[in-house]
1. Evaluate the following for residue 81: is it exposed (fewer than 15 other Cβ atoms within 10 Å of the Cβ), touching a His at 6+ places or on another chain (Cβ under 9 Å) and not in a loop (DSSP other than H, G, I, E, B)?
2. Which ones in segment 11-21 are surrounded by 11 or more Cβ atoms within 10 Å (Cβ to Cβ) and assigned to a strand (DSSP E or B)?
3. Mind listing whichever residues of segment 122-144 are in a strand (DSSP E or B), touching a residue at least 40 places away in the same chain (Cβ under 8 Å) and not polar (S, T, N, Q)?
4. List every residue pair whose Cβ atoms lie under 8 Å apart, where the two residues are 6 or more positions apart in sequence or sit on different chains, the first residue falls within segment 87-98 and is under 16 Å from residue 49 (Cβ atoms) and touching a residue at least 12 places away in the same chain (Cβ under 8 Å), and the second residue, located anywhere, is assigned to a strand (DSSP E or B) and open to solvent by 70 Å² or more (accessible area, probe 1.4 Å).
5. Can you list residue pairs whose Cβ atoms sit under 8 Å apart, with the first residue in segment 65-78 being within 12 Å of residue 16 (Cα to Cα) and aromatic (Phe, Trp, Tyr) and the second being open to solvent by 60 Å² or more (accessible area, probe 1.4 Å) and not in a helix (DSSP H, G or I)? Count only pairs 6 or more apart in sequence or on different chains.
6. Which condition number in (1) outside any helix (DSSP H, G or I); (2) touching a helix residue (DSSP H, G or I) at 6+ places or on another chain (Cβ under 7 Å); (3) farther than 25 Å from residue 11 by Cβ is the one that residue 62 fails?
7. Give me the pairs: first residue in segment 9-26 and hydroxyl-bearing (Ser, Thr, Tyr), second residue loosely packed, with under 12 Cβ neighbours inside 10 Å, beta-carbon distance under 8 Å, and six or more apart or on different chains, which are they?
Amino acid sequence: MEQKVYFEDVQEGQEIPALTMHCDSQRLVMWAAASGDFYQIHYDKDFAQATGLPERIVHGALKHALLGRMLHEWVAPRGRVKRLAVQYRGMDMVNEDVICKGVVTKKYRQDGENIVELEVWTENRQGQKTTPGTAIVILPSREG
């Protein structure tokens, strides 16, 4: 696989390629099985509504993982995700798209690494940021 993005190609303020994932009930059940998070608000509609939610909600950790996937797909194959931190600030409902986005906030060289800092987030179809966060990736240089 050929490198898609190099440090020299990145500019502050640049948006990175978004990732959209439809989170239906099957995806939530698979995530519950993989993660061990079987809290009923993620798969039992009656239970979720009894707690006051309008519908089942997407796991926060799944949204975190989707942001990591977006970053990995952007920097692969020679770049790497060094840090990803998020906050769970809003709910995404089952059977809707979770849209992952990011923008470069800073780039610099330090200790021999090409460092790119980003603001990342998930948003719902109304454009509300539901899982804001920050990330640091290391990119290869065209110069070797």
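1. Numbers: exposed (fewer than 15 other Cβ atoms within 10 Å of the Cβ): no; touching a His at 6+ places or on another chain (Cβ under 9 Å): yes; not in a loop (DSSP other than H, G, I, E, B): yes.
The answer is no for residue 81.
2. Result: 19, 20, 21.
3. 129, 132, 133, 135, 136, 137, 138
4. Within 8 Å, the pairs are 95/22.
5. So the pair list comes out as 74/4; 74/17.
6. Only one criterion in (1) outside any helix (DSSP H, G or I); (2) touching a helix residue (DSSP H, G or I) at 6+ places or on another chain (Cβ under 7 Å); (3) farther than 25 Å from residue 11 by Cβ is unmet by residue 62, namely (1).
7. Hits for this filter: zero, empty list.
The values are calculated or read from the model by the stated rules, or taken from the named source; none is laboratory data. Keep in mind that this is a model prediction, so the values were computed, not measured. Neighbour counts run over all protein chains shown; Cβ positions are idealised from the backbone, glycine included. Ligands, DNA and RNA are excluded from the accessible area calculation, which covers all protein heavy atoms including side chains. Shrake-Rupley method; radii C 1.70, N 1.55, O 1.52, S 1.80 Å.
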